[in-house]
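A.B. asks: What follows is a structure written as structure tokens; I'll ask about it next.
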Amino acid sequence: MGKAHKLVQWDPHNVKEKLLEKYPPKVARKRAKQIMINEALENTTPEIVANVRTIPGIITMRGCTYAGCKGVIMGPTSDIVNLAHGPIGCGFYAWLTRRNQTDAKNDTNSNYITYCMSTDMHDSDIIFGGEKKLAAAIQEAYDIFHPKAIAVFATCPVGLIGDDIHAVARNMKEKFGDCNVFAFSCEGYKGVSQSAGHHIANNQVFTHVVGSSTTEKNQKFKINLLGEYNIGGDGFEIDRILEKCGITNISTFSGNATYDKFASANQADLSCVMCHRSINYVADMLETKYGIPWIKINFVGAEATAKSLRKIATYFNDQELIDRVEAVIAEEMVAVSEVQKEVYPRTVDKTAMLFVGGSRAHHYQELFKELGMKTISAGYEFGHRDDYEGRDVIPFLKTDADSRNIEEIHVEPDPELFQPRKTAEELAALKKAGVEFKSYDGLNPVMDNGTIVVDDLNQYEAEKLVQLMKPDLFCAGIKEKFSIQKLGVPMKQLHSYDSGGPYAGFAGATNFYREIDRLVNSKVWNYLKAPWQEKPELSATYVWE
Amino acid sequence: MLLRHTPTEIKERKALMINPAKTCQPIGAMYAALGIKGCLPHSHGSQGCCAYHRSTLTRHYKEPISAATSSFTEGASVFGGQANLLQAIENIFTVYEPEVIAVHTTCLSETIGDDLPQIFNKAEKENKIPKGKTVLGAPTPSYVGSHVTGFSNMVKAMAVLAEPSARKNGKINIIPGWVEPSDMEEIKRLCTLVGTRINMFPDTSGVLDTPLTGKYSMFPKGGASIADIRDSGSGIGTLALGEWCSADAARLLDSKCKVPCSVLDMPFGLKATDRFIDILRTVAGTSVPDEIAVERGKLVDMISDMHQYFYGKKVALAGDPDQLISMTEFLVSIDMHPVHIVSGTSGKKFEKRIKEITAEMECEVNVKAGGDLFLFHQWIKNEGVDLIIGNSYCKYIARDEDLPLVRWGFPILDRQGHQHFPTVGYKGGLRLLEQILGALLDRRDRDDPEESFELVL
């Protein structure tokens, strides 16, 4: 690592060629469309193929629909009993492995996040059907825990044998009366990645929970925070900042979420979308059904956090809030700048590659910029074209067979609860003041000319990219971590962080600065060769000379 | 309280598993397959299974875990996964160039009824398997058994490759079962010391404990070669360590290749290691060197030195059957009292063995095969213990009940060292005792009032 790498020259076109050269022709043709050299063409964003099937046999970084639904979206909720209907593995692997933190400060103090529940289907359930077992399991969970809600997740075999999990859920809900039971058809094989699972989860939460709360939220400046999963305590830090500013986050989807928070999301004045990929459609539905406008925000990076807070304050157009936000930013930035100043000389000009699930591959670039680091290659594990090219492409996205399997729900203004938060004039004025609504430009525009954007990067390409371009840091998930590190390049997990956090907000930024400093400057990378390997030739000297 | 909703009152559950002490077959098959030299494990199903198994194994072993998947989407689930697997085999041999692909099924491909041998035949006919390369497969439906069953099934699939021969190779086949790479290394060392020539499979040492050098090889030097696995049919005998993990493969070698087998307990602790060494020298016709006797003596010495801290202490254990049987025996042999024992893997035989091992103890023993950590926790709530031994998930119980925990078994996600330091054999016994004593005395140092806080305990 270090100096030698700075001398390496590479041409992105050569790199792309190298990535593809070993593939069978069919595979190469397909992958060529998913590997894009960012050439920042004037007024147009280069097109990339995304959200298409993974190639069998090619070692993918992706997971499945169930992982997106149970693992990512519903996993972080605290007072909902999550029950996986299937063989034991699916429940087991999604048990506490994403480092979602919870504080269980909900009205019942219920917190089921440490529990893994499963129907543990056996072969007889596969042969004779698992509906009875599911109903019995829901009953047992109800008897032991008396939760407000039980969520049921379908795994691969459940879809194949045709268990009607929704009917079972409906019946049990009726039977209990005081416990909402709803189900997710999130079989692993649906769709092409976790992304389909996010969609299924969000749609069901929107259908079965949102808008059902009877508690009225009377605070000022109420927002929803969409697409924040409280990994390593990110959500806690964001909430701390919001609270300090006088903004009330009434519902996070779904870090440290509670049933009631979901249920009252319709009462917010504004929705703020953090992870665009996992949840943009919920923001749209909240707007259509309840009249809540949405903006894209980003709390990863100190500058991004400040920008996002200002955006929210501008939206509310309240001088007191605007002043308070400025005061908070000024106060918080003192510590941030101190750490940044200390770390910067050691991180400046280092290069990074970011291959993370959804928006993180974009968001973290802001943090790296604050460290003077350059992102030379990036991409999403389960992004769609709009995540790369911006929301303007949405009307032009083709629906293929795999996307068609994922239910789209159509919503209309709620006859009682719809209430536009701003008039058309107010919205126009805000737009003029720089608040973009329903807008996201995607990853490509922020990346420099000549950088390489890769969708659904796989292990082979990751290894090649690292060998060819020798970044100072590689960011991806746990599966990629050790093969990259064996190559002598530090690897930071940005899915569930490995360790550490929070990395969002102001305190998070300083944590991240220090973590990156540690990673790119660790002495360990100097120890890869033993002294006798550095200079293998023998010379006629004696140790006592 | 992290598990604040776990009630003390135990009610029978028929349908709901809470906090499992097991996981599913394919992950075991994947781990076993990594013990073949030059092998890429392949998961025949939707890609999430493979991702989950790789993630969990990666977190446990802190090593790259390469494995491919058939990446089923809805179409494959309806029309069968043959096309996906054929395409995968072609892609894998072209891009990654492994010597072997070891395919295991998932609940998805099992439910739709994909027939692996038939698909392999087709791949062979279509020249998708390069000359000299091997594709093997094991059925591992997730809805049968547990990760232990999957491990066993993949090891059995290896034994299928064994070729019968009239000429014996003079080697003993060792089937080590699901132990750490460090344990497999230690088993090999002990065999060498006893002077036996062995053929061990699977062997993850040298695969999942590789050095950091700046180079990455998807197929490191370690692992049991296909040639050696085939040659196991010419062995003079097979020692299968662990009924659940290894016996099926050993019995197959016996019936198919007439290689006689003995099924032993995994050599954890004093007595199980004694039996292992004793049978090793008997089968091989060698004598046990002094070096091993010295190692053994050191373990006995440590037991005597530490005995006052162990005597009568109650322990709760959760894990896999083969490991638990030997561990329970070890604890009993040092006069500790294993009182709650849960295996997530089913099997009445397990409960029977534990009852036999613990029969000499005067206290009651709760044992359940096919149990879960929720029940385990409830038992502990009802009758407290001094120590928990189990995987990382037990830390939630340990914290809530304020009990020391020794991490042992699978998976260990929050500690390291297990992949490098063996717990099998006499040396492994020393390490186990060190960990147990450390856990007990750290707790005493924390809890003792100041007036009885002592330098020399």
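A.B. asks: Here is a check on your reading of the model: is A:VAL334 of a type in the set (Val, Ile, Thr) and without any contact (Cβ under 8 Å) to a residue 12 or more places away in the chain? I'd like the intermediate steps shown before the answer.
C.D. replies: Working: of a type in the set (Val, Ile, Thr): yes; without any contact (Cβ under 8 Å) to a residue 12 or more places away in the chain: yes.
Judged against the criteria, A:VAL334 is a match.
A.B. asks: Somewhere in the stretch B:290-302, is a residue among the basic types (Lys, Arg) and touching a residue at least 60 places away in the same chain (Cβ under 8 Å)? Reasoning before the result, please.
C.D. replies: First, the residues of the stretch B:290-302 that are among the basic types (Lys, Arg): B:296, B:298.
Imposing the further condition that a residue be touching a residue at least 60 places away in the same chain (Cβ under 8 Å) reduces the set to B:296, B:298.
Yes, the stretch B:290-302 contains at least one residue that is among the basic types (Lys, Arg) and touching a residue at least 60 places away in the same chain (Cβ under 8 Å).
A.B. asks: A follow-up question, please. Among (1) among the charged types (D, E, K, R); (2) more than 20 Å from A:LYS486 (Cβ to Cβ); (3) more than 7 Å from chain A (Cβ to nearest Cβ), where does B:LYS22 come up short?
C.D. replies: (3)
A.B. asks: While we're here: Can you tell me which condition A:GLU480 does not meet? The list is (1) crowded, with 22+ Cβ neighbours inside 10 Å; (2) at positive phi; (3) among the acidic types (Asp, Glu), and all the others hold.
C.D. replies: Looking at each condition in turn, A:GLU480 falls short on (2).
A.B. asks: Something else: Between B:ALA123, B:ALA166, B:ALA162, which is open to solvent by less than 50 Å² (accessible area, probe 1.4 Å) and either at pLDDT below 95 or under 18 Å from B:LYS37 (Cβ atoms) (or both)?
C.D. replies: None of the other options fit; the residue is B:ALA162.
A.B. asks: Residues in the stretch B:47-79 that are modelled with pLDDT under 95 and either under 28 Å from the mean Cα position of the chain (by Cα) or farther than 21 Å from A:GLY89 by Cβ (or both): how many?
C.D. replies: Going through the stretch B:47-79 one residue at a time, the tally reaches 3.
A.B. asks: For the stretch B:99-129, give me each residue that is farther than 30 Å from A:GLU463 by Cα, more than 9 Å from every other protein chain (Cβ to nearest Cβ) and in contact with a Pro (Cβ under 8 Å, 6 or more places away or on another chain).
C.D. replies: B:LEU116
A.B. asks: Can A:VAL168 be described as within 12 Å of chain B (Cβ to nearest Cβ) and either in contact with a Ser or Thr (Cβ under 6 Å, 6 or more places away or on another chain) or without any contact (Cβ under 8 Å) to a residue 40 or more places away in the chain (or both)? Break it down stepwise before answering.
C.D. replies: On the way: within 12 Å of chain B (Cβ to nearest Cβ): yes; either in contact with a Ser or Thr (Cβ under 6 Å, 6 or more places away or on another chain) or without any contact (Cβ under 8 Å) to a residue 40 or more places away in the chain (or both): yes.
Answer is yes for this residue.
A.B. asks: Identify, from the list A:ASP392, A:ASP387, the residue that is surrounded by 19 or more Cβ atoms within 10 Å (Cβ to Cβ) and assigned to a helix (DSSP H, G or I).
C.D. replies: Values: A:ASP392 fails: surrounded by 19 or more Cβ atoms within 10 Å (Cβ to Cβ).
Of the residues listed, the single one that is surrounded by 19 or more Cβ atoms within 10 Å (Cβ to Cβ) and assigned to a helix (DSSP H, G or I) is A:ASP387.
A.B. asks: Conditions first: (1) among the aliphatic types (A, V, I, L, M); (2) in a strand (DSSP E or B); (3) touching a Leu at 6+ places or on another chain (Cβ under 7 Å). A:ILE250 passes all but one, so which condition is the exception?
C.D. replies: Evaluating A:ILE250 over (1) among the aliphatic types (A, V, I, L, M); (2) in a strand (DSSP E or B); (3) touching a Leu at 6+ places or on another chain (Cβ under 7 Å) leaves (3) as the failure.
A.B. asks: Given the structure, is B:VAL424 in contact with a Pro (Cβ under 9 Å, 6 or more places away or on another chain), β-branched (Val, Ile, Thr), closer than 22 Å to B:ILE334 by Cβ and open to solvent by 10 Å² or more (accessible area, probe 1.4 Å)?
C.D. replies: Details: in contact with a Pro (Cβ under 9 Å, 6 or more places away or on another chain): yes; β-branched (Val, Ile, Thr): yes; closer than 22 Å to B:ILE334 by Cβ: yes; open to solvent by 10 Å² or more (accessible area, probe 1.4 Å): no.
Here the answer is no, as B:VAL424 does not meet what is asked.
A.B. asks: So, in the stretch B:30-46, of the ones that are among the hydrophobic types (A, V, I, L, M, F, W, C) and assigned to a helix (DSSP H, G or I), which residue ends up nearest to the chain's Cα centre (by Cα)? Reasoning before the result, please.
C.D. replies: First, pick out the residues of the stretch B:30-46 that are among the hydrophobic types (A, V, I, L, M, F, W, C): B:30, B:32-34, B:36, B:39-40.
Remaining after also requiring assigned to a helix (DSSP H, G or I): B:30, B:32-33.
On the way: B:MET30: 12, B:ALA32: 9, B:ALA33: 13 Å.
Only one residue tops the list, namely B:ALA32.
A.B. asks: Filter the stretch B:355-402 down to the residues that are among the basic types (Lys, Arg) and either farther than 16 Å from B:PRO7 by Cβ or in a loop (DSSP other than H, G, I, E, B) (or both) and list them by number. Break it down stepwise before answering.
C.D. replies: Within the stretch B:355-402, the subset among the basic types (Lys, Arg) is B:355, B:368, B:381, B:395, B:399.
Once the filter is applied, which keeps residues that are among the basic types (Lys, Arg) and either farther than 16 Å from B:PRO7 by Cβ or in a loop (DSSP other than H, G, I, E, B) (or both), the stretch B:355-402 yields B:LYS355, B:LYS368, B:LYS395, B:ARG399.
Condition check ((1) over 16 Å from A:LEU367 (Cβ atoms); (2) hydrophobic (A, V, I, L, M, F, W, C); (3) more than 14 Å from every other protein chain (Cβ to nearest Cβ); (4) under 26 Å from the mean Cα position of the chain (by Cα)) across all residues:
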| position | (1), (2), (3), (4) |
| --- | --- |
| A:ASP472 | no, no, yes, yes |
| A:TYR497 | no, no, no, yes |
| A:TYR503 | no, no, yes, yes |
| A:ASN521 | yes, no, yes, no |
| A:LYS529 | yes, no, no, no |
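A.B. asks: A follow-up question, please. Report those helices (runs of 4 or more DSSP H) wholly inside the stretch A:1-120 carrying at least 1 residues which are in contact with a helix residue (DSSP H, G or I) (Cβ under 7 Å, 6 or more places away or on another chain), modelled with pLDDT of 95 or more and more than 7 Å from chain B (Cβ to nearest Cβ). It would help to see each step written out before you state the result.
C.D. replies: On the way: elements: A:3-6, A:12-20, A:25-32, A:88-93.
So the answer is A:12-20, A:25-32, A:88-93.
A.B. asks: Moving on. Out of the stretch B:201-220, which residues are β-branched (Val, Ile, Thr) and more than 16 Å from the chain's Cα centre (by Cα)? Talk me through it step by step, then tell me what you get.
C.D. replies: Start the filter on the stretch B:201-220 by keeping residues that are β-branched (Val, Ile, Thr), which leaves B:204, B:207, B:210, B:213.
B:THR210, B:THR213 - these are the residues of the stretch B:201-220 that are β-branched (Val, Ile, Thr) and more than 16 Å from the chain's Cα centre (by Cα).
A.B. asks: Given the criterion under 30 Å from B:GLU99 (Cβ atoms) and surrounded by fewer than 24 Cβ atoms within 10 Å (Cβ to Cβ), identify the matching residue among B:GLY38, B:GLY28.
C.D. replies: Values: B:GLY28 fails: surrounded by fewer than 24 Cβ atoms within 10 Å (Cβ to Cβ).
Matching residue, one of B:GLY38, B:GLY28: B:GLY38.
A.B. asks: Suppose we keep only residues that are part of a helix (DSSP H, G or I) and in contact (Cβ under 8 Å) with a residue 40 or more places away in the chain within the stretch B:332-349. Which one would you say is most open to solvent (accessible area, probe 1.4 Å)? Please lay out each step first, then the result.
C.D. replies: Quick first cut of the stretch B:332-349, residues part of a helix (DSSP H, G or I) only: B:332-333, B:348-349.
After this cut, where a residue has to be in contact (Cβ under 8 Å) with a residue 40 or more places away in the chain as well, the list is B:333, B:349.
Values: B:SER333: 41, B:LYS349: 124 Å².
The selected residue is B:LYS349.
A.B. asks: Moving on to the next point. Let me confirm something: among A:GLY434, A:GLY442, which residue is surrounded by fewer than 22 Cβ atoms within 10 Å (Cβ to Cβ), on the phi > 0 side of the Ramachandran plot and touching a residue at least 12 places away in the same chain (Cβ under 8 Å)?
C.D. replies: Numbers: A:GLY442 fails: surrounded by fewer than 22 Cβ atoms within 10 Å (Cβ to Cβ).
Of A:GLY434, A:GLY442, the one residue that is surrounded by fewer than 22 Cβ atoms within 10 Å (Cβ to Cβ), on the phi > 0 side of the Ramachandran plot and touching a residue at least 12 places away in the same chain (Cβ under 8 Å) is A:GLY434.
A.B. asks: Does at least one position in the stretch A:200-219 carry a residue that is part of a helix (DSSP H, G or I) and either open to solvent by 50 Å² or more (accessible area, probe 1.4 Å) or of a type in the set (Asp, Glu) (or both)? Break it down into steps so the answer makes sense when it comes.
C.D. replies: Step one: of the stretch A:200-219, the residues part of a helix (DSSP H, G or I) are A:200-208.
Next, from what is left, pick out any that are either open to solvent by 50 Å² or more (accessible area, probe 1.4 Å) or of a type in the set (Asp, Glu) (or both): A:207-208.
Yes, the stretch A:200-219 has at least one match.
A.B. asks: Being over 33 Å from the mean Cα position of the chain (by Cα) and either hydrophobic (A, V, I, L, M, F, W, C) or surrounded by 21 or more Cβ atoms within 10 Å (Cβ to Cβ) (or both) is the filter here; which residues of the stretch A:124-139 pass it?
C.D. replies: A:ASP125, A:ILE126, A:ILE127, A:PHE128, A:LYS133, A:ALA136
A.B. asks: Something else: For B:GLY137, are the conditions met, namely being more than 9 Å from chain A (Cβ to nearest Cβ), open to solvent by 10 Å² or more (accessible area, probe 1.4 Å) and more than 22 Å from the chain's Cα centre (by Cα)? I'd like the intermediate steps shown before the answer.
C.D. replies: Values: more than 9 Å from chain A (Cβ to nearest Cβ): yes; open to solvent by 10 Å² or more (accessible area, probe 1.4 Å): yes; more than 22 Å from the chain's Cα centre (by Cα): no.
Taking the combined requirement at face value, the residue does not satisfy it.
A.B. asks: Then there is this: Identify all residues within the stretch B:70-98 that are closer than 15 Å to A:MET61 by Cα and more than 7 Å from chain A (Cβ to nearest Cβ); write none if there are none.
C.D. replies: none
A.B. asks: Sticking with this structure for a sec: Looking only at residues that are of a type in the set (Asp, Glu) and assigned to a helix (DSSP H, G or I) in the stretch B:282-331, which one is surrounded by the most Cβ atoms within 10 Å (Cβ to Cβ)?
C.D. replies: Just the residues of the stretch B:282-331 that are of a type in the set (Asp, Glu), to begin with: B:290-291, B:295, B:301, B:305, B:320, B:322, B:329.
Now narrow it down to the ones that are assigned to a helix (DSSP H, G or I): B:290-291, B:295, B:301, B:305, B:322, B:329.
Values: B:ASP290: 10, B:GLU291: 10, B:GLU295: 20, B:ASP301: 11, B:ASP305: 11, B:ASP322: 29, B:GLU329: 21.
My answer is B:ASP322.
A.B. asks: Let me ask another. Among the residues of the stretch A:56-82, which ones are in contact with a strand residue (DSSP E or B) (Cβ under 6 Å, 6 or more places away or on another chain) and of a type in the set (Val, Ile, Thr)?
C.D. replies: Hits for the stretch A:56-82 are A:ILE58, A:ILE59, A:THR60, A:ILE73, A:THR77, A:ILE80, A:VAL81.
A.B. asks: Sticking with this one: Being in contact with a helix residue (DSSP H, G or I) (Cβ under 9 Å, 6 or more places away or on another chain) and surrounded by fewer than 21 Cβ atoms within 10 Å (Cβ to Cβ) is the filter here; which residues of the stretch A:508-520 pass it?
C.D. replies: Once the filter is applied, which keeps residues that are in contact with a helix residue (DSSP H, G or I) (Cβ under 9 Å, 6 or more places away or on another chain) and surrounded by fewer than 21 Cβ atoms within 10 Å (Cβ to Cβ), the stretch A:508-520 yields A:ARG514, A:ASP517.
A.B. asks: Which residue is farthest from the other protein chains (Cβ to nearest Cβ), if the candidates are limited to the stretch B:41-50 and must be open to solvent by less than 10 Å² (accessible area, probe 1.4 Å) and without any contact (Cβ under 8 Å) to a residue 60 or more places away in the chain? Give the steps one after another, and end with the answer.
C.D. replies: First, the residues of the stretch B:41-50 that are open to solvent by less than 10 Å² (accessible area, probe 1.4 Å): B:41-46, B:48, B:50.
So of that shortlist, the ones also without any contact (Cβ under 8 Å) to a residue 60 or more places away in the chain come out as B:48, B:50.
Details: B:GLY48: 2, B:CYS50: 8 Å.
Looking at the filtered set, the residue picked out is B:CYS50.
The values are calculated or read from the model by the stated rules, or taken from the named source; none is laboratory data. Because the structure is a prediction, the values reported are computed rather than measured. Quick reminder, even Gly has a Cβ in these numbers, built from the backbone with ideal geometry, and neighbours come from all protein chains shown. Keep in mind that these areas ignore ligands, DNA and RNA; they rest on the heavy atoms of the full protein, side chains included. Shrake-Rupley method; radii C 1.70, N 1.55, O 1.52, S 1.80 Å.
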